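The structure appears right after this line, and notes come after that.
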Amino acid sequence: MAERLTAREAIALVTDDFTPLSVPGRESSGSDGPIRWAGYDASRARAAASTGEDESVLHGTATIGGRPAVLVAFEFGFLGGSLGRAAGDRLVAAYGTAEERRIPLVSLVATGGSRMQEGMVALTQLQRVAAATVRLRESGVPHVAVLRDPSTGGGWATVGAGADVVLALPSAQVAFAGSRVRPQDADPAAYTAEDQWKHGHVDALVRPEELRGTLSLWLRLLSGDPAPGTGSAPSPGGPASPAPAPPPRALVDGGPPGTGWAAVSRARDPRRPRAGAYLDAYFEERAAVRGDRAGGVDPGVECGFGIHAGRVVAYAAQDGSATSPAGFRTVVRLVRLADRLGIPVLTLIDTPGAANDAEAERSGAGPAIADAFAALAGARVPVTSLLIGEGGSGGALALAAPGNTWAAPDGYFSVIAPELAAAILKRPPEQAPATADQLRLRPQDLVELGVVRGIVTSEA
């Protein structure tokens, strides 16, 4: 089990300084609360005496790594960090302050859920938080959540899971179902931060001693301003016309291939540079988002934000494997977040095609690919794409920016793999090389056909 930090300890762990905001609205004390739960006033008094806090939520302004933020911290020692009407008032006020001041929101979550002593009044706070989340997103202000132990119930399902980037302390309980309401035969691993990370609901597991530095980097990236210690969120809706990211330079020397089959062979060469090498060469710093937020992670797709030549660029990269529905959904998540924050996007294309096994079909391959096409077509920020290897059919084209796709010398794009084209045409397998020539899939063919803008070189 993770160490249970108090709200004040968590605040001290991640901030340079913290200034509480005035308490808004009504408080829940007196007359045993909104549903007149006998003994509630006494319970609140005991919680206040033991924690030194007057509610389960603290909120204020802070600096993290020299950058301004609005901070929310849950105090689990105060009635299990539960959400009641007064806690809801503070959460809504914090979201509103972040929106008004245009600085990121950071939430340090530790809660058991809604406060039963306030009945449905407590539960409706989730609707208020959801509405505040929508307003914050529409304003283009980012939200980073840190899941402490425990993060369960409505606090996880709104404040935590509703954030743009979700970090978690190792071994923390993270689940919608609290420890006392789970089925007795349930797998205990399913209720941990590690399992939520494994299934794409948490972006990163971060040790306490690394949390301040990790948050500082994320605030720089999501604010679109990489300079340490300065900056604020982008203007509403993001910049009107951010400059597109330049395509990476090629990591191989040599001219375009002489034949179609030579292009295919070069793209399939296991020694060819993959997405990781391109990302390492392109970015000075970067941090990844993980998973599709629907239970899926594709290890063959890397998404995140990085710093290139003094500016922030979002990236989505295929690593040469068949892309699963979870991979496409993660790309969609990345593109839409970058679009909302006004950050340009770079995609690296390298896949033999979309995964086509039975599990992929059951997981929604078609809808996931369609959504990826729609996300790139609808992006208001510029998207730049580079074909770095195989460009197999729609699974590759779904990551290609219309009108701004480039090719590396060892890449190819094809409507279908040459071997499959030969099979469909009832040609013998040895006709695959000739079929590759007919498909006109070489980089120089793609330029001539207007599919790509040009071929990048190894020159800086």
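The single condition from (1) part of a helix (DSSP H, G or I); (2) touching a residue at least 40 places away in the same chain (Cβ under 8 Å) that A422 fails is (2). Considering (1) crowded, with 24+ Cβ neighbours inside 10 Å; (2) within 30 Å of R182 (Cα to Cα), the lone condition that D89 does not fulfil carries the number (1). Within the range 428-440, is there a residue that is hydroxyl-bearing (S, T, Y), out of contact with any His (no Cβ under 9 Å at 6 or more places or on another chain), modelled with pLDDT under 95 and at negative phi? Yes, the range 428-440 contains at least one residue that is hydroxyl-bearing (S, T, Y), out of contact with any His (no Cβ under 9 Å at 6 or more places or on another chain), modelled with pLDDT under 95 and at negative phi. Tallying residues that are touching a Pro at 6+ places or on another chain (Cβ under 7 Å) and either outside any helix (DSSP H, G or I) or of a type in the set (S, T, Y) (or both) within the range 112-125 yields 1. On the stretch given as the range 318-375, residues that are of a type in the set (V, I, T) and assigned to a helix (DSSP H, G or I) total 5.
Here's a check for you: in the range 126-160, which residue that is in a helix (DSSP H, G or I) and small (G, A, S) is surrounded by the most Cβ atoms within 10 Å (Cβ to Cβ)? Result: G155.
The values are calculated or read from the model by the stated rules, or taken from the named source; none is laboratory data. Quick caveat: nothing in here was measured; it's all calculated off a predicted structure. We place every Cβ from the backbone using ideal geometry, glycine too, and count neighbours over all the protein chains shown.
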